[in-house]
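These notes concern the structure reproduced below.
The values are calculated or read from the model by the stated rules, or taken from the named source; none is laboratory data. This is a predicted model, so every value here is computed, not measured. Don't worry about glycine lacking a Cβ; one is built from the backbone with ideal geometry, like all the others, and counts go over all protein chains shown. All accessible areas refer to the heavy atoms of the entire protein, side chains included, with ligands and DNA or RNA removed. Shrake-Rupley method; radii C 1.70, N 1.55, O 1.52, S 1.80 Å.
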Amino acid sequence: MERTQSSIEQIQPPTYGNLVTILSIDGGGIRGIIPATIIAFLESQLQELDGPDARLADYFDVISGTSTGGLVTAMLTAPDSNNRPLFSAKDIKPFYMEHSHKIFPQHSGLGGTIIAKLIRSLGGPKYDGKYLHAVIAEKLGDIRLHETLTNVVIPTFDIKCLQPIIFSSYQVKMSTGLDAKLSDICISTSAAPTYLPAHNFSNQDSNGKVHEFNLIDGGVCANNPTLVAMNEVTKQIIKENSDFFPIKPMEYGRFLIISIGTGTAKNEEKFNAPMAAKWGLLDWLTHSGTTPLIDVFTQSSADMVDFHLSAVTQALHSEDNYLRIQDDTLTGTDSSVDIATKENLEKLCQIGENLLKKPVSRVNLENGLSEPLKNGGTNEDALKRFAKILSQERRLREMRSPHTKKLLQTRSIKLASVI
């Protein structure tokens, strides 16, 4: 489908502004409803400042996501026929509400018992992924990575090569073999081991060489993809990409980062050493309807990223430019990635709304725990502040950019000829 040019210009490069802006969304299955609620509020604040057509892709240099966060990333940045985002942020939550129960069908009666679940898990992935694949293909069509309306960074892991594969808007310019369909990328980064099948596909580069991918969930290497996004930007600065001049490679004080988690269970709600000391391989893979091994490595990697960024931003006195929004008080089925009952989905919506009202938290570098920030206000307050900064940064870039000035001159000439 041919796309028409939008009247709203894409964000100008950081070289014309003061900041590098990053939005990052964790993996977490149906718990993606929580960050969906957060970003809907952020976009609404940008719309109050800049009009109803404002979209998150108009303000962030990079949007990054893993697993369910990768799907949200694609939805926010894929272009429609008018070259505007296919989905607004407020559309994401209804998407989850409509499709989650079909992606993760719930078994009732004897089929829903722990023993039945265990037997199914021994025979293959818990879900066949057919509906997920179909709905992603329907929504994203043939749109490819290079077509996104702002830069995206989506981690996956190649199980054949045993190495991460990062689908990055920056990398695709040099490695055209990575210019895959967004649908294939989303299916791959969502292929959580034991839950959904691994994804195999091939893609041809500009020289005709075929590249084969054997991918699983990016959460196995970067469930919180914030650092991956920052690394992609840093590589561009090292390569002296003119979009980032005169920013220095380690000038992280100029990064504005919003990192959104999908929630995690309260410590006492999960496991303990006396319990785990008795486990064998089967218990680590499936225990009381959960997957302890996956829970451990996804949450630990996400927390380590938060700990690192908290230390770095505090060392550079730029901690006010880093916002991590995460709920670590989930209990019972709330912390599940796949219990897609109507009741649980609605509860996750409410958890997201409640999270907006909770105080801003920051990692205590002494004990590693996330603690409410004194006089930091609520997450809602912080998002309002960040929205103002993002709006000001966009306007500054437009004012300084020669591209914008040329565009305005062109429009003035066209207007004069009509008059």
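Numbers below:
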| read-out | value |
| --- | --- |
| Hey, Val296 open to solvent by 70 Å² or more (accessible area, probe 1.4 Å), of a type outside the set (Phe, Trp, Tyr) and under 22 Å from the mean Cα position of the chain (by Cα) or not | yes |
| Single unsatisfied condition, Glu393 versus (1) closer than 25 Å to Arg254 by Cβ; (2) out of contact with any helix residue (DSSP H, G or I) (no Cβ under 8 Å at 6 or more places or on another chain); (3) open to solvent by 70 Å² or more (accessible area, probe 1.4 Å) | (3) |
| Answer residue from region 72-92, given it is out of contact with any Leu (no Cβ under 9 Å at 6 or more places or on another chain) and open to solvent by 10 Å² or more (accessible area, probe 1.4 Å) and is nearest to Arg254 (Cα to Cα) among those | Lys90 |
| Residue, nearest to Glu319 (Cα to Cα), within region 223-255, restricted to residues that are in contact with a Ser or Thr (Cβ under 6 Å, 6 or more places away or on another chain) and buried (at least 24 other Cβ atoms within 10 Å of the Cβ) | Thr226 |
| Among (1) touching a helix residue (DSSP H, G or I) at 6+ places or on another chain (Cβ under 8 Å); (2) outside any helix (DSSP H, G or I); (3) surrounded by 24 or more Cβ atoms within 10 Å (Cβ to Cβ) - the single one Ala191 does not satisfy | (1) |
| Cβ-Cβ under 6 Å pairs, at least 6 apart or on other chains, region 147-160 side more than 13 Å from Leu76 (Cβ to Cβ) and of a type in the set (Lys, Arg), far side open to solvent by less than 10 Å² (accessible area, probe 1.4 Å) and not in a loop (DSSP other than H, G, I, E, B) | none |
| Pair list, Cβ < 8 Å and 6+ apart or interchain, from region 289-310 residues that are over 12 Å from Ala222 (Cβ atoms) to residues that are of a type in the set (Val, Ile, Thr) and open to solvent by 40 Å² or more (accessible area, probe 1.4 Å) | Gly289/Ile114; Thr291/Thr194; Ile294/Thr194 |
| The listed residue being open to solvent by 10 Å² or more (accessible area, probe 1.4 Å) and closer than 26 Å to Glu138 by Cα, out of Ile185, Ile216, Ile159 | Ile216 |
| Any chance Leu196 is modelled with pLDDT of 95 or more, open to solvent by 10 Å² or more (accessible area, probe 1.4 Å), part of a loop (DSSP other than H, G, I, E, B) and under 27 Å from Gly28 (Cα atoms) | yes |
| Count of residues meeting criterion [surrounded by 20 or more Cβ atoms within 10 Å (Cβ to Cβ) and assigned to a loop (DSSP other than H, G, I, E, B)] in region 171-182 | 2 |
| Selection from region 365-406 of residues that are over 23 Å from the mean Cα position of the chain (by Cα) and in a helix (DSSP H, G or I) | Gln392, Arg395, Leu396, Arg397, Glu398, Met399, Arg400, Pro402, His403, Thr404, Lys405, Lys406 |
| Residue check, Phe201 over 25 Å from Ser300 (Cβ atoms), hydrophobic (A, V, I, L, M, F, W, C), open to solvent by 10 Å² or more (accessible area, probe 1.4 Å) and in contact with a strand residue (DSSP E or B) (Cβ under 8 Å, 6 or more places away or on another chain) | yes |
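Quick grid of which residues meet (1) at pLDDT 95 or above; (2) assigned to a helix (DSSP H, G or I):
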{"position": "Met1", "(1), (2)": "no, no"}
{"position": "Gln5", "(1), (2)": "no, no"}
{"position": "Gly27", "(1), (2)": "yes, no"}
{"position": "Arg31", "(1), (2)": "yes, yes"}
{"position": "Thr37", "(1), (2)": "yes, yes"}
{"position": "Phe41", "(1), (2)": "yes, yes"}
{"position": "Gln45", "(1), (2)": "yes, yes"}
{"position": "Ala57", "(1), (2)": "yes, yes"}
